[in-house]
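A short reminder: the numbers here are calculations on the coordinates, not readings from a lab. Note that the structure is a prediction, hence the values are computed from the model and not measured. Ideal geometry is used to build each Cβ from the backbone, glycine not excepted, and the neighbour counts take in all protein chains shown.
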Amino acid sequence: MEPTGEPAYKRRIAELEAENAALKKEVSALKSQVADLVRQNAQLAEQIARLSKNSANSSKPPSSDIVKPPQVQRSKKRRRPGGQPGHPGVGRLPFTSDQIDQTRELPAPSATLAQQLRKHGEAIFRFLFDSAVPPTNNGGEQSLRQLVIDRRITQGSRSRMGRQGNARIWTVLAACRKQSRSAWQFLQNALSAYYFHSPTPSFLPQT
């Protein structure tokens, strides 16, 4: 006779189902752990690749090196510039006396300086006797500064007429600025003098 209650095979099936569910849960946890380990491994590989870069094997500057890369030891023996010992050498042979038609002695640098001082000495040392003459040309260079900036930005003019026009306009602007005059008024007077044949304006002081 069979024992009363639940059959034995049903109890076994229930145990196996419970064990299967536990195994599935354990497998799911192991898969999650494997995914975490794979992600950590990728992060470590990326960090190792980043830390292994230095100024010697990448475009990073030397200041970013954590550990300075080893320097290549070069030989202390260096070749001297020019021909090395044993080289036959190539040179130009000097002229013979029958090949020379004329000789001339060149003046020493001091003689050249003395000649320039005799020729231009009065203009060079004029600032010592005339207080209106500055000892340097800083004022002239400062006057040309804005013109040089404008030429660099606009690339100037390629025609002769354009260069002359630019030079005249900048001369008017610089002269009017130094004399505290209106450049617009000066240009207006110049155009009026051209079209109506009247006296042209001048930058010279009125006496």
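Some observations on this one:
- Cα gyration tensor, segment 52-166 - rounded (a/c under 1.5), prolate or oblate: oblate
- Loop-exposed chymotrypsin sites (Phe, Trp or Tyr not before Pro) per DSSP, neighbour cap 16 Cβ within 10 angstrom, longest uninterrupted part of the chain: 1-94
- Within the chain, longest stretch clear of exposed trypsin sites (Lys or Arg not before Pro) (DSSP loop, no more than 15 other Cβ within 10 Å): 105-157
- Hydrodynamic radius (Kirkwood) for segment 115-156, which is based on Cα pairs only, to one decimal in Å: 12.6
- Value of relative contact order over the chain, rounded to a whole percent, pairs C-alpha under 8 Å and six or more apart: 5
- The mean sequence distance of close C-alpha pairs (under 8 Å, at least 6 residues apart), as a share of the length of segment 136-207, puts its relative contact order at 16 percent.
- Between segment 16-46 and segment 129-197, the C-alpha centres lie 83 angstrom from each other.
- Computed label-point distance, nm, for sites A175 and Y195 using a 7 Å Cα→Cβ extension: 2.2
- Square roots of five times the Cα gyration tensor eigenvalues for the chain, Å: 92, 45, 18
- For the chain, the longest principal axis of the Cα atoms and the long axis of helix 183-196 meet at an angle of about 50 degrees.
- Here L37 and S59 are evaluated by their C-beta separation; at R0 = 25 Å the FRET efficiency comes out at 0.15.
- Rg and Dmax of segment 8-63, based on Cα coordinates, read 24.0, 77 Å.
- Along its principal axes, segment 128-207 has C-alpha extents of 46, 40, 20 angstrom, given from the largest down.
- Fewest neighbouring Cβ atoms within 10 Å first, the residues D130, D98 line up as D98, D130.
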